[in-house]
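> Before I ask anything, here is the structure I am working with.
The values are calculated or read from the model by the stated rules, or taken from the named source; none is laboratory data. The structure displayed is predicted, hence computed values, not measured ones. Here Cβ is always computed from backbone atoms with ideal geometry, including for glycine, and neighbour counts include all displayed protein chains. Calculation scope for accessible area: heavy atoms of the full protein, side chains included, ligands and nucleic acids excluded. Shrake-Rupley method; radii C 1.70, N 1.55, O 1.52, S 1.80 Å.
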Amino acid sequence: MTARDDHPELPAGLTSRPLTLAEARVAYELLAAEQRLELDGRVEIEEADVVGDWQRPSFDVATRTIGVLDGDRVVGYAELTYDERGEAAVEPSYRGRGIGTWLAAWMRRTARERGSEIVGMPVPEGSAGDRLLTALGYHVRWTSWVLHLPAGARVPERDLPAGHVVRAARPEEHEVVHDVIEDAFLEWSEREREPMSEFRATVLERPGFEPWHLRVVVDETGEQPQVVAVAVVQIFVDEQSGARDAYIARLATRRDRRGEGLAQALMVDSFAAARERGVETAGLNTDSRTGALGLYLKVGMQVTENWVHRAAHLNG
């Protein structure tokens, strides 16, 4: 099914223009306001997430973002984060005026101009965004879940194989770390391989990054130590409540080393490293493409949110 009408008009009195890198904060605030409304006050994004994406070498803010303005005030925005995936948000008080429909059409046109055959975005299941995209003819491409450990719970420990250690990655291991993540993610993700420069922008140069955030399992049994599993930890801070959450943004095990409990050992290590720094709550997300949900449920994590990635084909 192809989404309808790629050339709607903006509501009277509103204008549009591309955003600038300096307006990453504006985009974050719009996304956060929507999430607070749809997720019972919770927010699952930080300004650092927007900055990390926008500072990627492949991301041209001038052509991949658009803002909708009421006078000088940005009341809605959209971005084509990747060629087949974007984000969009409308200030809650401006809902129901057609801004979301206009932004969705902008994203489809922009993706089509870049040669994409499909484009979509994640939305909380049952949210206003989900209902809008459904009405526009978007289908569910995959489902994702946010999971957290219940208060006071711990992931059961798993012993590492003999000769293996878990620790923070060293700078000279960063490229290998990136390779382990990409090799694992590209088994199920339909996209081009991420260049090291993109990984550097979204992980190593993401605002707030500290070396301990990059956790690895290293096999030291051979002549040369080998990184065989990786976790990327981010400390999420809710700006309103001040609550901090240890969030595993990426978790990957080399294909030939799966089934040995390495991912579980990394989860234990990552959350323990966060607790040492005063962060007691922990979470992560996964989606239906990975098959990893069962692992997280097995170690005691609980689903706290359901999201869907809704997408539209652009071949019509």
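> Please get the size of the charge dipole for the range 219-277, origin at its Cα centre, with Cβ charges of +1 on Lys and Arg and -1 on Asp and Glu, quoted in debye to the nearest 20.
For this selection, approximately 160 debye.
> Counting other Cβ atoms within 10 Å of each Cβ, which GluC sites (Glu not before Pro) in the range 225-316 have at most 16 and sit in a DSSP loop?
For GluC sites (Glu not before Pro) across the range 225-316 that sit outside H, G, I, E and B with at most 16 neighbouring Cβ atoms in 10 Å, the list reads GLU239, GLU280.
> Still on this structure, please answer the following. If one computes the Cα centroid of the range 219-294 and of the range 1-51, what distance in Å separates the two points?
29
> What percent do you get for the relative contact order of the chain when only Cα pairs under 8 Å and 6+ apart count?
That works out to 25 percent.
> In whole angstrom, note down how far apart the Cα centers of the range 73-127 and the range 128-168 are.
Cα centroid to Cα centroid, the span is 23 Å.
> Ok, one more. Compute the distribution of all C-alpha to C-alpha distances in the range 1-124, in bins of 10 Å from 0, and list the percent of pairs in each, rounded to whole numbers.
The distribution over the range 1-124 is 13, 47, 35, 5, given as percents.
> What residues from the range 60-82 fall in the zone where the backbone N is under 16 Å from a label point 7 Å along the Cα-to-C-beta line of LEU21?
Backbone N within reach: 60-65.
> If you take the charge dipole of the range 69-156 about its Cα centre, with +1 on Lys and Arg Cβ and -1 on Asp and Glu Cβ, which of SER127, GLY115, GLY71 is farthest toward its positive end?
With unit charges placed on the Cβ atoms, the residue in question is SER127.
> Can I ask one more? What's the angle, to the nearest 10 degrees (0 to 90), between helix 262-276's Cα axis and the longest principal axis of the chain?
Helix 262-276 sits at roughly 80 degrees to that axis.
> Under 10 Å from the Cβ of VAL90, count the other residues' Cβ atoms, weight Lys and Arg +1, Asp and Glu -1, and hand me the total.
0
> Here's a follow-up. Can you find, among VAL279, HIS178, VAL43, the residue farthest towards the positive end of the dipole of the chain? Put +1 on the C-beta of Lys and Arg, -1 on that of Asp and Glu.
VAL43
> So how exposed is LEU31, as accessible area in Å² (1.4 Å probe, rounded to 10)?
10
> Also: So what is the calculated 222 nm ellipticity per residue for the chain, using -39500 (n - 2.57) for each DSSP H run with n of 4 or more, over all residues, to the nearest 500 deg cm²/dmol? Display every interim value, and only then the final one.
Details: 9 runs with 87 residues, N = 316.
Value at 222 nm, helices only, nearest 500: -8000 deg cm²/dmol.
> Turning to a different aspect of this structure: Quick check: pseudo-label points 7 Å beyond the Cα along Cα→Cβ at LEU186 and SER288, how many nm apart are they?
2.6
> Out of the DSSP beta bridges found with both residues in the chain, what percent are antiparallel (nearest 5)?
Bridges in the chain that DSSP calls antiparallel: roughly 90 percent.
> Given points 7 Å out from each Cα along the Cα-Cβ axis, report the VAL165 to GLU276 separation in nanometres with one decimal.
The answer from the label model is 1.3 nm.
> Moving on. Using DSSP to define loop residues, name the GluC sites (Glu not before Pro) in the range 2-69 whose beta-carbon has at most 14 other beta-carbon atoms within 10 Å.
Listed in order of number, the matching sites are GLU9.
> Among LEU295, TYR247, ILE235, flag the residue with its Cα farthest along the positive direction of the charge dipole of the range 165-316, charges on Cβ as +1 for Lys/Arg and -1 for Asp/Glu.
LEU295
> Follow-up. Rounded to a whole number, what is D in µm²/s for the range 53-175 from Stokes-Einstein with the Kirkwood radius over alpha-carbon pairs (20 °C, 1.002 mPa s)?
Estimated via Stokes-Einstein, D reaches 120 µm²/s.
> Just how much of ASP83 is accessible, in Å², when a 1.4 Å probe is used and the result is rounded to the nearest 10?
Probe radius 1.4 Å; accessible area of ASP83 about 60 Å².
> Which order do ARG257, ARG108 take when ranked by solvent-accessible area (1.4 Å probe, heavy atoms of all protein chains), largest first? Intermediate results must be reported in sequence, preceding the final value.
Details: ARG257 30, ARG108 5 Å².
Result, largest first: ARG257, ARG108.
> OK, next. Would you calculate the volume per residue, in Å³, of the smallest convex hull containing every Cα atom of the range 168-257?
That works out to 115 Å³ per residue.
> Right, something else. Carbon and sulfur together cover what percent of the accessible area of the chain at a 1.4 Å probe radius?
Roughly 48 percent, rounded to a whole number.
> Per residue, how many Å² of accessible area does the range 48-126 show with a 1.4 Å probe?
The answer is 37 Å² per residue.
> Over the range 197-251, what is the relative contact order in percent, taking alpha-carbon pairs closer than 8 angstrom and at least six residues apart?
Numbers: 66 pairs, mean separation 13.6, N = 55.
Worked out over the range 197-251, it gives 25 percent.
> Next question, about the same structure. Would you work out the relative contact order for the range 65-127, in percent, from Cα pairs under 8 angstrom that are 6 or more residues apart?
Worked out over the range 65-127, it gives 29 percent.
> With +1 on the Cβ of every Lys and Arg and -1 on the Cβ of every Asp and Glu, and nothing else charged, how large is the dipole of the chain about its Cα centre, in debye rounded to the nearest 20? Could the numbers behind the result be given before it?
Numbers: 37 positive and 53 negative charges, 114 e Å.
Using only the charged Cβ atoms, the result is roughly 540 debye.
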